[in-house]
């Protein structure tokens, strides 16, 4: 198929390779040019077929998906979509893979989630358009450090991210001081994965990073990650503030939704909040960021050059929601600077 996205499918299960291939080839814009049962076979096919995107199983014999991904990103960077189970090992490894540079992940079908592969073609299409950047480890090394004299000024921060968000969050949150402003994060991610994301970030960052729970008080030095699933993370309160998890269905195709988080910040906090919208496809977060700006809060967006997918930030710029745009390596420091009490 001339002009079609060339995909290499890598999975040790013949059945899973067939399922992934069939679903992808049902899309006229995608051409599965090969499949591999192991990392070693995949390595040879990458050289031979020069695919645009690779789907990669997390758990494989001989060389696991994570080790193979690390080599690919170091020696022949290319867009990769991870195919993961919902097991503890599968979700934890997927978070590591996203931190290493995988574009996105998709969950294998299960009795509780039989249609999870429906989104695979769309994710492959997005992956085919991303540009490779400096690996997140290098970005973290370039991130400016915050002064030890930092004192929060009472603002509360909300961050929204989607495709490429794990890398972006690592870069930003590792720049935060231990006594950072209370920070709420909505990252588009399936259930269970967000718990592993919080645990990984907690090990890497000076502040405490936890998965948000109903009624958790918003206190300095803590970052709250919205749990994946069927509830939206919002801010509740008028004088003291807590995490709220509320139903409401999909918003902009997502639950949890960044718009729901940002709009609740604007209602509850007004000028005492700061919203930052990061890499991701679609428009989620644009209207909510505008609500924050209209309420007198500060609004930031990731710039195009450092975004894996410049969809959500672009939408926010187009509606006039963005006060400042920053490259990823500057974003963490800019957020801290804007929430610092002036001595």
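Would it be correct to say that residue 299 is buried (at least 22 other Cβ atoms within 10 Å of the Cβ), at pLDDT 95 or above and closer than 26 Å to residue 149 by Cα? Explain how you work it out, then say what you get.
On the way: buried (at least 22 other Cβ atoms within 10 Å of the Cβ): yes; at pLDDT 95 or above: yes; closer than 26 Å to residue 149 by Cα: yes.
Yes; evaluated as a whole, the condition is true for this residue.
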Which of (1) at pLDDT below 95; (2) closer than 16 Å to residue 284 by Cα is the odd one out, the single condition residue 193 does not satisfy?
(2)
Among 318, 323, which is the only one that is surrounded by fewer than 21 Cβ atoms within 10 Å (Cβ to Cβ) and either modelled with pLDDT under 95 or under 28 Å from residue 179 (Cα atoms) (or both)?
323
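The values are calculated or read from the model by the stated rules, or taken from the named source; none is laboratory data. Keep in mind that what you see is a predicted model, and the values were worked out from it rather than measured. Methodologically, a virtual Cβ is constructed for each residue, glycine included, from the backbone with ideal geometry; neighbour enumeration extends over all protein chains shown.
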